[in-house]
Amino acid sequence: MSHSSHILVCRGTACVSGESREVQAEFEKQLQERGLGEQVRVVHTGCFGFCARGPVMVILPQGTMYCEVRVEDVGEIIEKQILGGQTVERLLFKDPVTQEVTEKIDDIDFFKKQVRIALRNCGHINPDDIREYIARDGYKALGTVLAKHSPEEVINILKKSGLRGRGGGGFPTGLKWELTRKSPGEVKYVICNADEGDPGAFMDRSILEGDPHSVLEAMAIAGYAIGADRGFVYVRAEYAIAVERLTTAISQAREMGLLGKGLFETDFEFDIELRLGAGAFVCGEETALITSIEGNRGEPRPKPPFPAQAGLWGRPTLINNVETLANIPAIILNGAEWYAGFGTEKSKGTKVFAIAGKIGNTGLIEVPMGITLREIIYDIGGGIPEGRKFKAAQTGGPSGGCIPADLLDISIEYDTLLEAGSMMGSGGLIVMDDSDCMVDIAKFYLEFTCDESCGKCTPCRVGTKRMLEILERITEGRGTVEDIDLLKELGHGIKEASLCGLGQSAPNPVLSTLKYFEDEYIAHVRDKVCPAGVCKKLSRIRIVPEECKKCGACARVCPVDAIKGSPKEVHEIDPDKCIKCGQCIEKCCFKAIKR
């Protein structure tokens, strides 16, 4: 049956939290009541990427995108657009800087510079219907390799494509497949690492929610290439929607003979099981993940041997993350040269980023390698809200580092980020403005890695704790200049001596902020002042005389009577009484009170 219109409703996690399920149900109900059920089809999809504007929906064939849609908006959309051919302007995207309104999804700046390969199906198909994946050439790549390519040829395609691991380390994917294939042993395994634990990162989750079959197909291709007949998807249990859609996808693939025995009428067989993680950050490290699948506490193992040599239950094991796998069917179908045409000489293809923090458009993007940080923040992200200045961007999560404003034009690729003291990581990108304290930011990330340390090795278990204690002293006004030198010494020692990659990279947020923002550390320890006014024990709240309107509103809300001044006179804050609660700042309508 053909439909004149399709309404695509995002059912990714962010939009579901905004009641997109209820919006979809209301559309279906009202369309049936109006006799339009045969003409208009309502489809739930995965994430469009425009997470901060959710719930998001797109009406086809017009390509109209509506943002922040509520249940009460449904009737108006049906009346005006479906029946009347007019848009509901108040629900269209409004640029956070220019305030210009844009109707069509393809005309919105957020999407213009994106190149979607890993995210090619997200927002376009119903992830719970395998037929929609097949309609977009799904499982064609698997059929192609089984019919036309030897395992060695598949590996060579990946090597020529230049695809590198998107989970953080950037190891060449084709080489990893080749090493696993060449490892002796009749039993081998494929693992999809979906244990995404970085704060602010949701790339893998969105792919699994919006296009789970692309990952399953890639795992089967990997199984054929390395000689494995069994795979595991290790996904954190908190990803409830992703787990549900993976379960459905595996079941549907089995029913259609796309997992199991005799795939595409060959003697190749491959099946996949789910394993749920308990949310330990360390289980994103490949050897800790393997230990967890085996039923033990997730702790890393010394390397070598590498998983390609001795992994799951001592067998050669290939581990790739979700985004890496999602690229593979497209590479097989379009060719290695096509994929290598995107990106730079040493960083081929595209990269998915979750952009968040002090930025106009938060969400999920996929951009060619080599794009600049400035383009991501200002052309795609919509710039810094409230007219504030860009200060830094944290890439790579707790394992990465901060990139300052004078490196805004840095090319986003593996090697340049490492040279800058950061890393690509899995793709989290947190933007900070001039109201952020970089010492406090470093403390936040170190608190996370300290809490998440598995405790197996002393440098990570004890070293990160000592670094955190120093940062707490500094942010509370008890730090010394010697503490800065000690932070550097400890950081470099932990990097050199920790057992796994997570421990080795734990000091990066501290070391990178010391590299680019040491003046803020010095202000904290020498002047006992937090320049950004974030660290409460070091902040000084003051009234700017030139901006004070003498209304007395601040004095009336002060809980400790620290603000003095006669009516119609400029008020003053007694620093000895002030407890830095900030109520006066919130109350002042004229922004005359500053930290």
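The values are calculated or read from the model by the stated rules, or taken from the named source; none is laboratory data. Worth saying up front: this structure is predicted, and the values here are computed from it rather than measured. Methodologically, a virtual Cβ is constructed for each residue, glycine included, from the backbone with ideal geometry; neighbour enumeration extends over all protein chains shown.
Could you please find all residues in segment 182-200 being surrounded by fewer than 24 Cβ atoms within 10 Å (Cβ to Cβ) and aliphatic (A, V, I, L, M)?
Passing the criteria: only V187.
Does segment 266-309 hold any residues that are surrounded by fewer than 19 Cβ atoms within 10 Å (Cβ to Cβ), farther than 15 Å from I221 by Cα and of a type in the set (D, E), and which are they?
Answer for segment 266-309, where residues must be surrounded by fewer than 19 Cβ atoms within 10 Å (Cβ to Cβ), farther than 15 Å from I221 by Cα and of a type in the set (D, E): E273, E294.
Would you mind listing the helices (runs of 4 or more DSSP H) fully within segment 1-110 where at least 1 residues are touching a strand residue (DSSP E or B) at 6+ places or on another chain (Cβ under 6 Å) and surrounded by 17 or more Cβ atoms within 10 Å (Cβ to Cβ)?
In segment 1-110, 20-33 are the helices (runs of 4 or more DSSP H) which contain 1 or more residues that are touching a strand residue (DSSP E or B) at 6+ places or on another chain (Cβ under 6 Å) and surrounded by 17 or more Cβ atoms within 10 Å (Cβ to Cβ).
Collect the residues in segment 506-533 that are farther than 19 Å from P404 by Cβ and of a type outside the set (A, V, I, L, M, F, W, C), keeping them in residue-number order.
Those that are farther than 19 Å from P404 by Cβ and of a type outside the set (A, V, I, L, M, F, W, C): R526, D527, K528, G533.
When segment 482-496 is examined, which residues are found to be among the β-branched types (V, I, T) and within 29 Å of the chain's Cα centre (by Cα)?
I494
Looking at segment 379-435 only, could you name the residues that are under 18 Å from G169 (Cα atoms), of a type in the set (A, V, I, L, M, F, W, C) and under 20 Å from the mean Cα position of the chain (by Cα)?
Hits for segment 379-435 are C402, I412, L417, L418, M423, M424, L429.
Could you tell me whether segment 146-155 includes any residue that is assigned to a helix (DSSP H, G or I), surrounded by 23 or more Cβ atoms within 10 Å (Cβ to Cβ) and under 30 Å from the mean Cα position of the chain (by Cα)?
Looking for residues that are assigned to a helix (DSSP H, G or I), surrounded by 23 or more Cβ atoms within 10 Å (Cβ to Cβ) and under 30 Å from the mean Cα position of the chain (by Cα), one finds at least one in segment 146-155, hence yes.
Can you run down the residue pairs with Cβ atoms below 8 Å, 6 or more apart or on separate chains, where the first is in segment 97-126 and within 27 Å of G343 (Cα to Cα) and the partner is aliphatic (A, V, I, L, M) and surrounded by fewer than 17 Cβ atoms within 10 Å (Cβ to Cβ)?
Cβ pairs passing all conditions: I125/A135.
Condition first: closer than 17 Å to K456 by Cβ and part of a helix (DSSP H, G or I). Now tell me which residues in segment 494-530 satisfy that.
I494, K495, E496, A497, G501, L502, G503, Q504, S505
Checking W313 against (1) surrounded by fewer than 23 Cβ atoms within 10 Å (Cβ to Cβ); (2) within 30 Å of D95 (Cβ to Cβ): exactly one of these is not met. Which one?
W313 satisfies every listed condition except (2).
Of L318, L364, which residue is buried (at least 22 other Cβ atoms within 10 Å of the Cβ), closer than 17 Å to K188 by Cβ and in contact with a helix residue (DSSP H, G or I) (Cβ under 8 Å, 6 or more places away or on another chain)?
L318
Would you mind stating whether E217 is in contact with a Lys or Arg (Cβ under 7 Å, 6 or more places away or on another chain), assigned to a helix (DSSP H, G or I) and acidic (D, E)?
no
Quick one: which of E269, E186 is of a type in the set (D, E), at negative phi, in contact with a Lys or Arg (Cβ under 7 Å, 6 or more places away or on another chain) and free of Cβ contacts under 8 Å to residues at least 60 places away in the same chain?
It is E269.
Keeping to segment 105-132, report how many residues are of a type in the set (D, E, K, R) and modelled with pLDDT under 95.
Count: 5.
For every residue, the table says whether it meets (1) out of contact with any helix residue (DSSP H, G or I) (no Cβ under 7 Å at 6 or more places or on another chain); (2) over 24 Å from G197 (Cα atoms).
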residue: T458; (1), (2): yes, no
residue: R473; (1), (2): no, yes
residue: V481; (1), (2): no, yes
residue: I484; (1), (2): no, yes
residue: A497; (1), (2): no, no
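Which condition number does G357 fail, the rest of (1) of a type outside the set (S, T, N, Q); (2) closer than 16 Å to R116 by Cβ; (3) surrounded by fewer than 24 Cβ atoms within 10 Å (Cβ to Cβ) being met?
Only one criterion in (1) of a type outside the set (S, T, N, Q); (2) closer than 16 Å to R116 by Cβ; (3) surrounded by fewer than 24 Cβ atoms within 10 Å (Cβ to Cβ) is unmet by G357, namely (2).
Sort through G200, G138 and tell me the only one that's part of a loop (DSSP other than H, G, I, E, B), within 30 Å of A280 (Cβ to Cβ) and out of contact with any Asp or Glu (no Cβ under 6 Å at 6 or more places or on another chain).
On inspection, the qualifying residue turns out to be G200.
Tally time: how many residues in segment 504-537 are under 27 Å from K594 (Cβ atoms), in the same structural domain as D483 (by TED's automatic domain parsing) and in contact with a strand residue (DSSP E or B) (Cβ under 8 Å, 6 or more places away or on another chain)?
3
What's the number of the condition W338 fails, among (1) in contact (Cβ under 8 Å) with a residue 60 or more places away in the chain; (2) under 24 Å from H213 (Cα atoms)?
(1)
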